[in-house]
Amino acid sequence: MFRALASVLLCCFFLEASFWVHFSYGDLTTCSGIVPMTERGDKISITDFGGVGDGQTLNTIAFRKAIYRIQHLRRRGGTLLFVPSGVYLTDSFNLTSHMTLYLARGAVMKATQDTSNWPLIAPLPSYGRGRERPGGRYMSFIHGDGLEDVVITGENGTIDGQGDIWWNMWRQRTLQFTRPSLVEFVNSRGIVISNVIFRNSPFWNIHPVYCSDVVIRYVTILAPPDSPNTDGIDPDSSSNVCIEDSFISTGDDLVAVKSGWDEYGIAYGRPSSYITVRRVTGSTPFAGVAVGSETSGGVENVWCSHQD
Ligand SMILES: *[C@@H]1O[C@H](CO)[C@@H](O)[C@H](O)[C@H]1NC(C)=O
Ligand SMILES: *[C@@H]1O[C@H](CO)[C@@H](O)[C@H](O)[C@H]1NC(C)=O
């Protein structure tokens, strides 16, 4: 259904800064296997923690309790958190290591629009300040910091940022701090995101920063063409990132490779490297695959193809 909307075939590079891009022509034709898709022996459901998918109930405590249980019981092989069909409104929350967030068919996780309650976190050291406003920044809707072995997948359920309230604050210049991404992983490794639909992110959709071994495939990312800064996937100071077989239609770049900002990015000195983008289609008012802006830590080995 979404593929009918496809209007741009990607494989154009958009260079916004001066640096070297070196193409590495690997012989792999798929990301599968790069990060193992862990089978979880232990399975729990958000409904066991009081989750209610009626679109009204705030499920923040349910998600935080479920994650707390995964983090502290530490079942061998990790735990799968099942989100059944229904609409689950929640504030932002942190994931933990060795877990799978599994959205069943018809499951929707919806971000609350109560922005006054949204947690603030420190700016990224490679940016020195918020990307949009000085000081801290709002934590992403789904957040991971210092994690390993995390999977977000399922049967094409939806993660909905309800971003219009944030886009309007940006348009009206009433934003106090930098808008939250929909999903952000910081300092994490072994991340798989597949078979999920991302909708209406407040800001960038998927932002792996200081990460390695990240696979993003079979995702659909949608936001209106006039939504500000709703980049699809932004690998930032990250290495071994493989993005493939996805449809992205947003108000900004579909994929933008980054590595920090000006003196902060230079001082932090963490490049993005070994980034693969393969068979991504969609539409954008900007670039299909952008390298930049914000590339002060360097970018190397970017491979982009529409076939293999
Ligand atoms: C979530 O993670 C952020 C960033 O690491 C941290 O500042 C915050 O305290 C965490 N929140 C909770 C509820 O654990
Ligand atoms: C989910 O979406 C992907 C990408 O569009 C598609 O390849 C896959 O068959 C879908 N899976 C299910 C269970 O519908």
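Restricting the stretch 191-225 to residues that are part of a loop (DSSP other than H, G, I, E, B) and either of a type in the set (Gly, Ala, Ser) or within 16 Å of ligand 2 (Cβ to nearest atom) (or both), the residue that is surrounded by the fewest Cβ atoms within 10 Å (Cβ to Cβ) is Ala223. Applying the criterion of being surrounded by fewer than 17 Cβ atoms within 10 Å (Cβ to Cβ) and farther than 26 Å from Arg40 by Cβ to the residues of the stretch 134-161, the residue that is farthest from ligand 1 (Cβ to nearest atom) is Pro134. Return the residues of the stretch 60-105 that are assigned to a helix (DSSP H, G or I) and either aliphatic (A, V, I, L, M) or farther than 23 Å from Leu120 by Cα (or both); say none if nothing qualifies. Those that are assigned to a helix (DSSP H, G or I) and either aliphatic (A, V, I, L, M) or farther than 23 Å from Leu120 by Cα (or both): Ile61, Ala62, Ala66, Ile67, Arg69, Ile70, His72, Leu73. A search for C-beta distances below 6 Å between a residue of the stretch 171-198 that is at positive phi and any residue that is assigned to a loop (DSSP other than H, G, I, E, B), counting only pairs 6+ apart in sequence or on different chains, returns Asn187/Gly146; Asn187/Tyr210; Asn195/Asn156.
Let me confirm something: among Gly130, Gly26, which residue is crowded, with 20+ Cβ neighbours inside 10 Å, at pLDDT below 95, assigned to a loop (DSSP other than H, G, I, E, B) and touching a strand residue (DSSP E or B) at 6+ places or on another chain (Cβ under 8 Å)?
Values: Gly26 fails: crowded, with 20+ Cβ neighbours inside 10 Å.
That would be Gly130, the only listed residue that is crowded, with 20+ Cβ neighbours inside 10 Å, at pLDDT below 95, assigned to a loop (DSSP other than H, G, I, E, B) and touching a strand residue (DSSP E or B) at 6+ places or on another chain (Cβ under 8 Å).
Quick check on the stretch 235-264: of everything there that is closer than 22 Å to Met37 by Cα and part of a loop (DSSP other than H, G, I, E, B), which residue is farthest from ligand 1 (Cβ to nearest atom)?
Step one: list which residues in the stretch 235-264 are closer than 22 Å to Met37 by Cα, which gives 235, 238-247.
Filter again for part of a loop (DSSP other than H, G, I, E, B), leaving 235, 238.
Values: Pro235: 20, Ser238: 17 Å.
Applying the filter and picking the extreme gives Pro235.
Is it true that some residue in the stretch 175-190 is in a strand (DSSP E or B), over 22 Å from Gly292 (Cα atoms) and modelled with pLDDT of 95 or more? The answer is yes, given that some residue of the stretch 175-190 is in a strand (DSSP E or B), over 22 Å from Gly292 (Cα atoms) and modelled with pLDDT of 95 or more.
From Ser85, Ser92, grab the single residue that is touching a Gly at 6+ places or on another chain (Cβ under 8 Å) and hydroxyl-bearing (Ser, Thr, Tyr).
Details: Ser92 fails: touching a Gly at 6+ places or on another chain (Cβ under 8 Å).
The unique qualifying residue is Ser85.
Going through Leu103, Leu124, Leu81 one at a time, which residue ends up being surrounded by 23 or more Cβ atoms within 10 Å (Cβ to Cβ) and either modelled with pLDDT under 95 or farther than 23 Å from Gln162 by Cα (or both)? It would help to see each step written out before you state the result.
On the way: Leu103 fails: either modelled with pLDDT under 95 or farther than 23 Å from Gln162 by Cα (or both); Leu81 fails: either modelled with pLDDT under 95 or farther than 23 Å from Gln162 by Cα (or both).
Sole residue among the options that is surrounded by 23 or more Cβ atoms within 10 Å (Cβ to Cβ) and either modelled with pLDDT under 95 or farther than 23 Å from Gln162 by Cα (or both): Leu124.
Only one residue in Arg137, Arg131 is more than 16 Å from ligand 2 (Cβ to nearest atom), in contact (Cβ under 8 Å) with a residue 60 or more places away in the chain and basic (Lys, Arg). Which one? Working first, answer last.
Numbers: Arg137 fails: in contact (Cβ under 8 Å) with a residue 60 or more places away in the chain.
Within the list Arg137, Arg131, the selection yields Arg131.
Pro84 satisfies every condition listed in (1) closer than 20 Å to Ile197 by Cβ; (2) under 19 Å from the mean Cα position of the chain (by Cα) except (2).
Restricting attention to the stretch 107-122, does a residue exist that is of a type in the set (Gly, Ala, Ser) and within 13 Å of ligand 1 (Cβ to nearest atom)?
The initial filter retains those residues of the stretch 107-122 that are of a type in the set (Gly, Ala, Ser), namely 107, 111, 116, 122.
Applying the additional criterion that residues be within 13 Å of ligand 1 (Cβ to nearest atom) yields 122.
Yes, some residue in the stretch 107-122 is of a type in the set (Gly, Ala, Ser) and within 13 Å of ligand 1 (Cβ to nearest atom).
Assess whether Val280 counts as being within 16 Å of ligand 2 (Cβ to nearest atom), buried (at least 24 other Cβ atoms within 10 Å of the Cβ), of a type in the set (Val, Ile, Thr) and over 14 Å from the mean Cα position of the chain (by Cα). Even if it seems obvious, please write down each step before you answer.
Numbers: within 16 Å of ligand 2 (Cβ to nearest atom): yes; buried (at least 24 other Cβ atoms within 10 Å of the Cβ): yes; of a type in the set (Val, Ile, Thr): yes; over 14 Å from the mean Cα position of the chain (by Cα): yes.
Answer is yes for this residue.
The values are calculated or read from the model by the stated rules, or taken from the named source; none is laboratory data. Keep in mind that this is a model prediction, so the values were computed, not measured. Virtual Cβ from ideal backbone geometry, glycine too; neighbours counted across all protein chains shown.
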